[in-house]
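Below is one structure, written out as structure tokens; the observations come after it.
The values are calculated or read from the model by the stated rules, or taken from the named source; none is laboratory data. Keep in mind that this is a model prediction, so the values were computed, not measured. Cβ atoms come from the backbone with ideal geometry, glycine included; neighbour counts cover every protein chain shown. With ligands, DNA and RNA removed, areas are computed over all heavy atoms of the protein, side chains included. Shrake-Rupley method; radii C 1.70, N 1.55, O 1.52, S 1.80 Å.
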Amino acid sequence: MVGEAESYKARMQAVQKAHREKQQELRDPDKGLVLVNTGNGKGKSSSAFGVAIRALGWKQRVGVVQFVKGTWITGERRFFERLGEIDWFMMGEGFTWDTQDKERDRRAAEAALEKAAEMLASGDYDLVILDEINISLRYGQITPEAVIAALDARDARTGVILTGRDAPAEICDYADLVSVIDEVKHPYKAGIKAQRGVDF
């Protein structure tokens, strides 16, 4: 009779064999990937900045263009400024409900996309994070076509992460990876304000 330990070992050997066979089928695309972090849940930008840390760990060059958050001071910005190994551009003027000026928001989003396109095409970056770009798309400040044109013109080495809720279908179709972060429970709905180190 086969014991539990032997049965477990046999199952894990089968899993390992299947994994190795799958790895043999995979290919390296020899280009940077396009990732989209979207959905109503918290953690879209946090996930992108986690990838930035991973890239920096491999001595890759990383850039960030923030489309919405403006001069809002966040823990991630403070950390990366202290680290000094990331190019960070805060192009937005704050949340749309703060500015309440559609033309001003449009100009800010277009300037952010212009900066992003320049960075993507430069060949200087392994990873560029377009933080909250999906919000600018959601409010029609920039178009999916303009964003896709910038992605098409990027250097082959450059990977991109686009964050923000409500990513349009055209962007999701274009991307190599789309992660939808759903909200199951959020302290804000229980009357708890945003917390330093957790929310910003």
Based on what the data block shows, is Thr38 open to solvent by 20 Å² or more (accessible area, probe 1.4 Å) and closer than 24 Å to Arg106 by Cβ? no
Single match in Glu93, Glu76 (criterion: modelled with pLDDT under 95, under 14 Å from the mean Cα position of the chain (by Cα) and of a type outside the set (A, V, I, L, M, F, W, C)): Glu76
Can you confirm whether the stretch 153-170 contains a residue that is open to solvent by less than 20 Å² (accessible area, probe 1.4 Å), in a helix (DSSP H, G or I) and among the aliphatic types (A, V, I, L, M)? no
In this structure, does Leu127 turn out to be surrounded by 21 or more Cβ atoms within 10 Å (Cβ to Cβ), at pLDDT 95 or above and in contact with a Pro (Cβ under 7 Å, 6 or more places away or on another chain)? no
What about Leu137, is it of a type in the set (A, V, I, L, M, F, W, C), surrounded by 23 or more Cβ atoms within 10 Å (Cβ to Cβ) and farther than 25 Å from Ile53 by Cα? yes
Please name all residue pairs, on different chains or six or more residues apart, with Cβ atoms under 7 Å, provided the first residue is in the stretch 132-152 and is in a helix (DSSP H, G or I) and the second residue is among the small types (Gly, Ala, Ser). Ile133/Gly164; Asn134/Gly164; Asn134/Ala167; Ile135/Gly164; Ser136/Ala109; Ala150/Ala116; Ala150/Ala117
For Val65, are the conditions met, namely being out of contact with any helix residue (DSSP H, G or I) (no Cβ under 9 Å at 6 or more places or on another chain) and either closer than 23 Å to Ile133 by Cβ or modelled with pLDDT of 95 or more (or both)? no
Check the stretch 176-197 and report whether any residue there is part of a helix (DSSP H, G or I) and surrounded by 15 or more Cβ atoms within 10 Å (Cβ to Cβ). no
Quick check: is even one residue across the stretch 14-25 surrounded by 15 or more Cβ atoms within 10 Å (Cβ to Cβ) and either under 18 Å from the mean Cα position of the chain (by Cα) or among the β-branched types (Val, Ile, Thr) (or both)? no
